[in-house]
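Worksheet for the structure shown next.
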Amino acid sequence: MPARVADVNSRPINAAIRDLAASPRDRSASPLIRSSRKNSKRLSISVSFGGESIGSAVQVDASFRGKLRRFLDQLLVEFAVVAIVLVYMVLILTDLMLRSSESGSSYSNIFKYIDLGFLMFFTLELCVRLYAYGTSFLFSFLNTFDALIVVISLILQIYWISDPSGLGAKPGFLSALRMVRLLRLFVVLNKVQNTRSAYKKTQILKAGPPVERVMQMLNELKDHAETDDMATDIEWIVSLIASDKLYSMDLHVAGKVDDEMRNYLKGMGIKKGESFMLPSSVIADADTTFDDYLDQQDNLFVREGGATELQLVNEVSRLPTSIPFLERIHSWHLDPFEFHKATHNAGLVVGGFKLLQEYGLIDKFRLSQNRLLIYLREIQDGYRKSNPYHNCIHALDVMLNTNYFIRCEAVANLMTPLDMLACLLAAAIHDHEHPGVNNNFLALTKHDLAITYNDQSILENHHVASAWALLLKDDYNFLQSLTREQYLELRDTVIQLVIGTDMKFHFDHVTKLKTKMGSDTFQPGCERADVKFLLTVLVHAADIANPAKRSEICFRWTELVMEEFFRQGDVEKALHLPVSPFYDRVTTSSAKCQMGFINVIVKPLYTEFCAFLGDAATSDCMDCLLANLQAWEENGDEILKCREPQSMTPAADGWEHHKKPPRLHSLFVKYRERGYSSGMLQVDPA
């Protein structure tokens, strides 16, 4: 046995070495030593066995076979072969018709040799494919059946030409020959159908990410693997791609990294590739109860503020108007606008506290009840009421959506209690202090936030940073009783979930989700990184859930988000900036914007995510999404024109209608006061 070439992610190399040590015929079919990249010129693997190098012996052969396979796999070649076979079938049918008439006897000898030429071509094609793909080509029943027909037909045709007056002249022999030829027609028709399906799949894959094509190719290689070891190797490669660890280093490799160096690398943040599991101390025991001594140590502000908020929560919980909403807090169809109104405009405080209390997380982690309530109130107040869309009701909506998703069995089986706390907390703070404009606007105008976060996920970084900054103050730090491991894990998870709401990661989320679902990654006991990725997708899906809600709620959110878009567009016009797509209130069609948003963004994600969540989520979410999409397609902008005008901001005493057009965004006033010019947006030195 050859020595291991590498200890870090060395399995593909060792598998290739094992394949090279096999017989030449077996090596040719090994997917691990095939060159699958179009731009690769040759396969260069040189390994010594007993002092004798065999790499160069297979180098040219493997390189040529790889090129030959890529040539044969081209759809143009497939169509060409099918076309030739169809021409051959037409000639066969023509021969049969001419033989049935007296005038066709003169063409008999000509057709013999034409027939022989076609059969020789098909035999040559068969030999080329056997050489290119090896014996795995015959694993398909249709390929084997087609090959037998070609070989038998060629033998019979040669015998007929060489002995026309003997057995070849008998009617029974000719009938058998024709029947064998016609049998191939069914194989050809099946090949035509498969070629069409392959072409359609190729067209679809062209619009998708390359990883989908890679996974498809690997799965096809796995299906045609000659040995169990080869199939196992390919399955490992698929799981490696799905795990996002293709370029990561395993710090646990024995003999490569000692404990001191491993800790040094971890201190630098290099920890990917580790199989990280939560310490047992992170998950508190279920029977742990809340300790009163925490409240005894609270200062006057915390005691009185917490008592006031707790009194409000208790009073609201007993109101006849709010009880129906609290009873339906886990429903997908709960109206967040009415929930906020029924809780005296404290939806985020009441909803957040009730959920944490119901799941036993306050007692489980001994959270400071007073500080938690004060923190939730401060977070809610941190959402700008002047924002039509990104306000505290949107935060409440996302938290309720997140709660719905984490209750699904497929997700709940993977989560820890700390994950539940992280998801609800991340949802509550995910748009904290949102200014009402997008990341691109902040970067273009050189806003302080853009400078602070180097134009990278500007808003998302600020949301989690501003919300977490409150936790550094004693009055708001309800996490005081968490262990160091719990605190660090909670913070790391919340940061990942909030940053993951940046829309620039959307297509990465969808692609990775499909890849991981295709490899059955999300199973109980799966790696911690996979669980956190799933929760990231979950919160992101909760953030863009508006089109998957009941029509009344969906259209109301549409009005609000479009108004916020238009306000930014107004500022962009005033600053002589290019108006962002769908942000011009004069030319934008809200229906067109929503149909594009659903078809390109929401529907692909929800199709995959709901399939993972189960039938209940598919029914709740996808039915509403498809109904709303159909409504936009059939009625267009008339949907919003027929609706009564809604308030653009949450008022102190509920919702009130606008009586005058909205003012320019406050950021415009800020820029004008700071002396920005209309062109380059530079600060005036004066």
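The values are calculated or read from the model by the stated rules, or taken from the named source; none is laboratory data. For clarity, every value in this text was computed on a predicted model and none was experimentally measured. Here the Cβ positions follow ideal geometry from the backbone for every residue, glycine too, while neighbour counts run over all protein chains shown. Quick note on the areas: whole protein, heavy atoms, side chains included, nothing else; ligands and nucleic acids left out. Shrake-Rupley method; radii C 1.70, N 1.55, O 1.52, S 1.80 Å.
Key figures for this structure:
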| read-out | value |
| --- | --- |
| In the range 489-505, residue farthest from residue 463 (Cα to Cα) [restricted to those that are under 13 Å from the mean Cα position of the chain (by Cα) and surrounded by fewer than 16 Cβ atoms within 10 Å (Cβ to Cβ)] | 504 |
| Per-region count, the range 568-593, residues open to solvent by less than 30 Å² (accessible area, probe 1.4 Å) and part of a helix (DSSP H, G or I) | 7 |
| Of residues in the range 298-338 being open to solvent by 30 Å² or more (accessible area, probe 1.4 Å) and of a type in the set (D, E, K, R), the one nearest to the chain's Cα centre (by Cα) | 328 |
| Exclusive hit being open to solvent by 30 Å² or more (accessible area, probe 1.4 Å) and more than 30 Å from the chain's Cα centre (by Cα), set 461, 477, 454, 438 | 477 |
| Total residues in the range 357-376, condition part of a helix (DSSP H, G or I) and crowded, with 21+ Cβ neighbours inside 10 Å | 9 |
| Conditions (1) at pLDDT below 95; (2) closer than 20 Å to residue 402 by Cβ; (3) of a type outside the set (Lys, Arg); number of the one not met by residue 368 | (2) |
| Breaking point among (1) closer than 25 Å to residue 487 by Cα; (2) in contact (Cβ under 8 Å) with a residue 60 or more places away in the chain; (3) buried (at least 21 other Cβ atoms within 10 Å of the Cβ), for residue 349 | (2) |
| Residues (farther than 16 Å from residue 82 by Cα and among the aliphatic types (A, V, I, L, M)) located in the range 129-151 | 130, 132, 138, 148, 151 |
| Residues being of a type in the set (Ser, Thr, Tyr) and in contact (Cβ under 8 Å) with a residue 60 or more places away in the chain - total across the range 403-457 | 3 |
| Residue 618 vs. criteria under 30 Å from residue 420 (Cα atoms) and either of a type in the set (Ser, Thr, Tyr) or more than 25 Å from the chain's Cα centre (by Cα) (or both) | yes |
| Residues of the range 464-474 that turn out to be small (Gly, Ala, Ser), touching a residue at least 40 places away in the same chain (Cβ under 8 Å) and surrounded by fewer than 18 Cβ atoms within 10 Å (Cβ to Cβ), as a count | 1 |
| Counted residues, the range 595-627 - those being farther than 22 Å from residue 507 by Cβ and in contact (Cβ under 8 Å) with a residue 12 or more places away in the chain | 5 |
| Residue in the range 566-576 that is out of contact with any Ser or Thr (no Cβ under 8 Å at 6 or more places or on another chain) and of a type in the set (S, T, N, Q) present | no |
| Residue tally, condition more than 14 Å from residue 398 (Cβ to Cβ), of a type outside the set (Gly, Ala, Ser) and in a loop (DSSP other than H, G, I, E, B), over the range 330-344 | 5 |
| Filtered residues of the range 506-529 (kept if under 13 Å from the mean Cα position of the chain (by Cα), surrounded by fewer than 18 Cβ atoms within 10 Å (Cβ to Cβ) and either at pLDDT 95 or above or within 19 Å of residue 409 (Cβ to Cβ) (or both)) | 517 |
| Residues (assigned to a loop (DSSP other than H, G, I, E, B) and among the small types (Gly, Ala, Ser)) located in the range 535-567 | 545 |
| Unmet requirement for residue 100, which otherwise passes all of (1) open to solvent by less than 40 Å² (accessible area, probe 1.4 Å); (2) at pLDDT below 75 | (1) |
